[in-house]
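Asker: Take this structure first; my questions come after.
Just so you know, all these numbers are worked out from the coordinates, no wet-lab data involved. Bear in mind that the values here come from a model prediction, so they are computed numbers and not experimental data. No Cβ is skipped: glycine too gets one built from the backbone with ideal geometry, and neighbour counts run over all protein chains shown.
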Amino acid sequence: MRLQVLLSAMNLSDESYIDTLNISGDALIVNQCDKEDVKSIERVSKDRGKLQRVKYIETKQRGLSKSRNMAIEESDSEVCILCDNDVEYLPDYESKVLEAFDKHADADLIVFYIKRKEKPFPNYSKSKRMGYFSVLKIFSPEIAFKRESIRGIRFDERFGAGSGKYIMGEENIFLYDCLKKGLKIYYEPIMIAELREEESTWFKGYDERFFISRGAGYAAMSPWFSYILIGQFALRKKDLYIKEMSVRDALKYMLSGRREVIKQDNNTR
């Protein structure tokens with residue numbers, strides 16, 4: 001099998017940015033900028049001297065989910081892994097990912113571990129099959145998938161950085177859609193990368209927009225199950241947000257986001 005890293009980024013000068021992320025294998029870059037262009041490039045990776053195939057797409061379109069969907073549609077690889085511009089891969093990331101797919105021959109998606117300040121250890125100590133609760137703990141660059149398995153499943157372009165009102169939740173909606181289609185998702189507590197400590201492009205505090213987006217995301221995942229998800233978040237994460245928002249207001253804004261998305265979905269049926 002072949003692995004391709006799908007990088008969504010903004011305003012890059014050229015494809016060489018992947019060297020700063022330690023990407024030594026094949027990659028597809030969607031660079032949101034002020035041009036429209038597509039290049040297929042063969043180059044030698046900076047750190048390992050390995051021949052790389054890089055597809056470099058420049059687009060005037062905006063939105064993280066939109067760029068991820070573009071990357072999925074333009075990919076020609078058997079296995080893909082999502083990437084952000086603050087991920088630094090370990091030297092053996094390719095072999096770890098492909099070996100995990102060999103181990104779980106029936107897997108459609110595998111979630112790996114990326115070390116970061118708020119997550120110094122993997123979510124789980126052993127391999128496991130993932131379900132509707134466990135995928136809530138996952139963020140996008142940890143997700144690898146067989147491209148053919150997710151045929152017809154895409155990121156909801158209302159969600160994610162640069163998408164407009166709803167600034168987060170796109171990866172959880174995507175994973176829920178995969179589970180609803182009966183796809184098999186496994187977790188492997190294998191570290192493949194570290195996250196740089198950089199300022200978030202979307203998180204600006206536990207404000208009204210944060211909670212509206214959170215409730216909207218839960219509604220997109222499951223209209224009725226969203227009540228439980230909203231309630232558990234309000235209580236379980238109370239210590240994180242209570243200095244900025246009361247529990248009552250957090251619930252109010254999450255329920256507001258829920259109503260908005262359900263209304264939107266009803267109007268498009």
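Asker: In degrees between 0 and 90, to the nearest 10, how far off the longest principal axis of the chain does helix 208-221 point, with axes built from Cα atoms?
Answerer: 80 degrees
Asker: Would you please put 207-214, 50-57 in order of how densely packed they are, using the mean number of other Cβ atoms within 10 angstrom per residue and starting with the highest?
Answerer: Highest mean packing first, the order is 207-214, 50-57.
Asker: Per residue of the stretch 53-68, what does 6.51 cos²θ - 1.76 cosθ + 1.60 with θ = phi - 60° give for ³J(HN,Hα)? Whole Hz please, x for Gly and Pro, Karplus curve as stated.
Answerer: 9, 10, 9, 10, 10, 9, 9, 8, 6, 10, x, 4, 5, 4, 5, 5
Asker: Ser45's amide H: which non-local residues (gap 5+, or another chain) put their own amide H closer than 5 Å, with H modeled 1.01 Å from N in plane and none for Pro or chain starts?
Answerer: Lys50, Leu51, Gln52
Asker: Still on this model: If you average the C-alpha positions of the stretch 26-55 and of the stretch 69-143 separately, how far apart do those two centres end up, in angstrom?
Answerer: Here the two parts' Cα centres lie 21 Å apart.
Asker: Pop out the Kirkwood hydrodynamic radius of the stretch 162-269 from its pairwise C-alpha distances, inverse of mean 1/r, in Å to one decimal.
Answerer: Taking every pair of different Cα atoms in the stretch 162-269, averaging 1/r and inverting gives 15.2 Å.
Asker: Another one. Taking amide H positions as placed in the peptide plane 1.01 Å from N, state which residues far from Leu28 in sequence (5 or more) or on other chains have amide H under 5 Å from it.
Answerer: The answer is Val5, Leu6, Leu7, Lys55.
Asker: Rounded to whole Hz and in sequence order, give me ³J(HN,Hα) for the stretch 28-41 from the Karplus expression 6.51 cos²θ - 1.76 cosθ + 1.60, θ = phi - 60°, writing x for Gly and Pro.
Answerer: With the stated coefficients, the stretch 28-41 comes to 10, 10, 10, 9, 7, 8, 10, 9, 10, 6, 9, 10, 10, 10 Hz.
Asker: Suppose we look only past 29 Å in the calculated P(r) of the chain. What percent of the Cα-Cα pairs does that tail hold?
Answerer: The proportion of pairs with Cα distances above 29 Å equals 32 percent.
Asker: A further question follows. Would you list which lysines come within 16 Å of Lys146, measuring only between C-alpha atoms, while excluding same-chain residues fewer than 8 positions from it?
Answerer: Lys96, Lys103, Lys181, Lys184
Asker: Can you work out the base-10 log of I(q)/I(0) for the stretch 208-267 at q = 0.27, 0.30 1/Å, using the Debye formula on its C-alpha atoms alone?
Answerer: -1.05, -1.23
Asker: Once every DSSP H run of n ≥ 4 in the chain is given -39500 (n - 2.57) and the sum is divided by its residues, what mean residue ellipticity at 222 nm do you get, rounded to the nearest 500 deg cm²/dmol?
Answerer: Taken over the chain, the calculation gives -9500 deg cm²/dmol.
Asker: While we're looking at this one, here's another question. Under a 5 Å amide H to amide H cut-off, with H placed in plane at 1.01 Å, what residues pair with Met130 once short-range neighbours are removed?
Answerer: When sequence neighbours closer than 5 places are left aside, the close amide H contacts are Ile185, Tyr186, Tyr187.
Asker: Counting Lys and Arg as +1 and Asp and Glu as -1, each charge on the Cβ, what is the dipole of the stretch 3-195 about the Cα centre in debye, to the nearest 20?
Answerer: Rounded to the nearest 20 debye, it is 640 debye.
Asker: Per residue of the stretch 9-14, what does 6.51 cos²θ - 1.76 cosθ + 1.60 with θ = phi - 60° give for ³J(HN,Hα)? Whole Hz please, x for Gly and Pro, Karplus curve as stated.
Answerer: 8, 9, 6, 6, 7, 6
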